[in-house]
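Taken together, the values in this text are just the output of simple stated rules run on the coordinates, not laboratory data. As the structure is a prediction and not an experimental result, all values here were calculated from the model. Reconstructed Cβ throughout: ideal geometry from the backbone, glycine too, with neighbour counts over all protein chains shown.
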Protein chains: 2
Amino acid sequence: MSDETFYQQLARFILNHRKISGLSQLQLAELAGVGKTVIYDLEHAKPSVQLDTVVKVLHALNIKIQLHSPIEGFDDV
Amino acid sequence: MSDETFYQQLARFILNHRKISGLSQLQLAELAGVGKTVIYDLEHAKPSVQLDTVVKVLHALNIKIQLHSPIEGFDDV
DNA sequence: CTATAATTACTGTTTAAGCAGTAATTATAT
DNA sequence: ATATAATTACTGCTTAAACAGTAATTATAG
């Protein structure tokens, strides 16, 4: 059980997958079509990054986002 | 199978859960600690909303976000 | 070791997101 | 039906995020 924030989890996730993919921050930025500063910001757990930017970066790394409803059987609705 | 964007899915998700919770846009905004305009924007699939704002709103509705790695067994690392 | 290349970290400027205020719409009551 | 309340939709202003450029750091080579 961890007390790290979602942003810290996201930061680690992106950093790890970027490294595994053998990409530099700049390469990932270009691949995702965003500025390189944002990659740095994301990997440093900056909370105030725009959703579409995050989505682009995650898409470039082939990471999927999923929402989980508190209501039974609502996730796919 | 759906061709709706992630933003449209998110929009529906938030709208549905807000309605089920019996909250107005304003009430949800206050509960989440964000401006009411953002609730409107989110429910209209605006992509350029800040991540922390989305996270606050989802948290207020008790919706969980999960990341899925393309690499086996990497999700919890 | 020093030099060079590559990558990451930082900064100032421009642009657009978030907010409060207001208008429009919808619901509820009488 | 009209009036009132409640909710949603829209707008302009202020502030901060995204970007390009630059500095600092780290890696690689000779």
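Give the calculated FRET efficiency between B:LEU26 and B:GLN66 to the nearest 0.05, with a Förster radius of 35 Å applied to their Cβ-Cβ distance.
On the way: r = 29 Å, r/R0 = 0.82.
In this case the efficiency is close to 0.75.
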For A:PRO47, go 7 angstrom from Cα along the Cα-to-Cβ vector, then report the distances to that same point in the other copies in nm, smallest first.
-> 2.5
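What does the charge count near A:LEU26 come to, summing +1 for each Lys or Arg and -1 for each Asp or Glu among other residues with Cβ under 12 Å from its Cβ?
Details: positive: A:ARG18, A:LYS36; negative: A:GLU30.
So the environment of A:LEU26 carries a net charge of +1.
Please give the calculated 222 nm ellipticity per residue for chain A, where each DSSP H segment of at least 4 residues contributes -39500 (n - 2.57) and the sum is spread over every residue; nearest 500 deg cm²/dmol? The partial results should precede the final answer.
Numbers: 4 runs with 41 residues, N = 77.
Roughly -16000 deg cm²/dmol at 222 nm, from the helical runs in chain A.
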